[in-house]
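What follows is one structure encoded as structure tokens, with my remarks underneath.
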Amino acid sequence: MANSVQQRFIQIIGLALSAIYATAIIWIYATEPRSFREVATGAQVAVGTYQVDQEKFNAALTLFRRDQFRAARDEWQRADSAQSDPKTQFYIAYSFYREGWGRVYYDQDLFKQGLDAVNRAIALSATPLTVDDENLQMHTAAELKAELEQGTERNWGDVNPLKVLRTRK
Amino acid sequence: MSGDLASTNRSKNQALVTYVVLPFIFLTVALLGGLRVSSESHAFMFLPPSLITLVLAILLLILFVRGRLIETRSLIAGTNPPLTNVTHIWMLLTLFFACAQAFNSVLPERGLLHWLFSFFFLWTLWNNQFSSFDARRLLRSLVVLFGTAFVLKHMLLASLYSADGGLLKRLTGALVSGVTLGALDAEQFAPATGYISFFTLGLYLVGLILISFTHPQTTSTDLAVTPSNES
């Protein structure tokens, strides 16, 4: 009788542990981490303990305010290596917008990358994303997305000479 | 009394191997079988099993049943407690994915070589379906099958297409690739990929050997070294 109970206990333990292991394997194949560090970061995201490196985020913000957009993006990408923080992704998108904005033309490649980043930010945020930053003129991800989308579209308005009077947001 | 104790211990150990160790071994094989390491960035690449590896895995499972390495009638039966049946089905499921990923580990990733290797496996497994097999012969046959594929992929082909190989190697690789218009091109991976594959296949075979030892019906008869088995 005791033997049967022990056998059942081993069966349950084995089934539970291997089911957890199988779930982890499926998760690894679904997320395709490229290194052990990405595995660790991904696991933090999965269990909800992931946090952006605040020091790097602030350093990036300082660079952004000095119009050093590429350096700012590098720092933000390091701060949010899992690309899982909507606010950081919003700022990355904003840096693409500001760098790609031109009085005569918009850099299509940068705007497209900005669009990808803002879409990520929107997807990551459960509620409509709003960033309270007095240095920005667009505070919501929806505004930024619309602006980036407008920049990637081609129409007759592009040849309007008054276009040069527009201001960067 | 000591006989009872030995019997109890045997039963416990058998349960531990069947319900804990074997699923873990097979799941580890399923994890590592699709793992490659990029030769340039040394980044991990996880390749899920392709459709052909799933077909090969099914053929191999049928072969396991025919070779009596797996006794499906005793593993899944109406007389077993439901939990036992569930755990046995789970173990078979992990074995299935381990088989698929073991094939994935030794199959070239793309091109004509992928299909040549797949055809070689398919032909061998299909032929084996009509041969008389026992567990011992089957295990030997699998060691040879996977060993050959491992040597061909991770040693011969990897060496032929290696970027840091000698001039003659690179010339041969370029010639083979050029003559076949790129059809025999092979993807390059870091040397770590070969070591991972070696460990994966080793673990897979250990799992299969453990299966043969945990099922008394096969261990007592089929695994015994007898003249009839040896011939």
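The values are calculated or read from the model by the stated rules, or taken from the named source; none is laboratory data. As the structure is a computational prediction, the values presented were derived from the model and not from experiment. Here the Cβ positions follow ideal geometry from the backbone for every residue, glycine too, while neighbour counts run over all protein chains shown.
Some points to look at:
- So A:Asp67, is it at positive phi and free of Cβ contacts under 8 Å to residues at least 60 places away in the same chain: yes
- So A:Ile122, is it at pLDDT 95 or above and part of a helix (DSSP H, G or I): no
- Number of residues in the stretch B:102-114 that are surrounded by fewer than 22 Cβ atoms within 10 Å (Cβ to Cβ), in a helix (DSSP H, G or I) and within 18 Å of the chain's Cα centre (by Cα): the value is 1.
- Of all residues assigned to the stretch B:14-35, none qualifies as being assigned to a loop (DSSP other than H, G, I, E, B), at pLDDT below 90 and more than 19 Å from B:Ala102 (Cα to Cα).
- Residue ID - nearest to B:Thr84 (Cα to Cα), chosen from residues in the stretch A:20-38 that are modelled with pLDDT of 90 or more and more than 8 Å from chain B (Cβ to nearest Cβ): A:Ile20
- If you check A:Ala72, A:Ala40 for being of a type in the set (A, V, I, L, M) and either in the same structural domain as A:Ala24 (by TED's automatic domain parsing) or in contact with a His (Cβ under 9 Å, 6 or more places away or on another chain) (or both), only one passes: A:Ala40.
- Boolean, A:Thr62 is surrounded by fewer than 16 Cβ atoms within 10 Å (Cβ to Cβ), without any contact (Cβ under 8 Å) to a residue 12 or more places away in the chain and not assigned by TED's automatic domain parsing to the domain that holds A:Leu124: no
- Pair list, Cβ under 6 Å, 6 or more apart: the stretch B:104-119 residue at negative phi, other residue β-branched (Val, Ile, Thr) and surrounded by 15 or more Cβ atoms within 10 Å (Cβ to Cβ): B:Asn104/B:Thr53; B:Ser105/B:Thr200; B:Ser118/B:Ile52
- Being in contact with a strand residue (DSSP E or B) (Cβ under 7 Å, 6 or more places away or on another chain) and within 24 Å of B:Gly147 (Cβ to Cβ) is a condition met by at least one residue of the stretch B:46-68.
- Residue in the stretch A:154-161 that is modelled with pLDDT under 90, basic (Lys, Arg) and loosely packed, with under 13 Cβ neighbours inside 10 Å present: yes
- Of all residues in the stretch B:36-75 being assigned to a loop (DSSP other than H, G, I, E, B), hydrophobic (A, V, I, L, M, F, W, C) and out of contact with any Gly (no Cβ under 9 Å at 6 or more places or on another chain), the one that is farthest from the other protein chains (Cβ to nearest Cβ): B:Leu69
- When restricted to residues that are under 27 Å from A:Glu55 (Cβ atoms) and either surrounded by fewer than 16 Cβ atoms within 10 Å (Cβ to Cβ) or of a type in the set (Ser, Thr, Tyr) (or both), the stretch A:88-115 contains 5.
- Tally of residues being within 16 Å of A:Ile13 (Cα to Cα) and at the interface with chain A (Cβ under 7 Å from one of its Cβ atoms) across the stretch B:12-35: 8
- Which listed residue, of B:Ala98, B:Ala149, B:Ala135, is closer than 24 Å to A:Tyr21 by Cβ, touching a Leu at 6+ places or on another chain (Cβ under 8 Å), crowded, with 21+ Cβ neighbours inside 10 Å and among the aliphatic types (A, V, I, L, M): B:Ala98
- Listed conditions (1) closer than 28 Å to B:Ala192 by Cβ; (2) away from every other protein chain (no Cβ under 13 Å); (3) in contact with a helix residue (DSSP H, G or I) (Cβ under 9 Å, 6 or more places away or on another chain) are all met by A:Thr41, apart from (3).
- Residue match in the stretch A:57-72 (condition: aliphatic (A, V, I, L, M), closer than 25 Å to A:Ala126 by Cα, within 13 Å of the chain's Cα centre (by Cα) and in a helix (DSSP H, G or I)): no
- Condition met for B:Thr84 (surrounded by 15 or more Cβ atoms within 10 Å (Cβ to Cβ) and in contact with a Gly (Cβ under 9 Å, 6 or more places away or on another chain)): no
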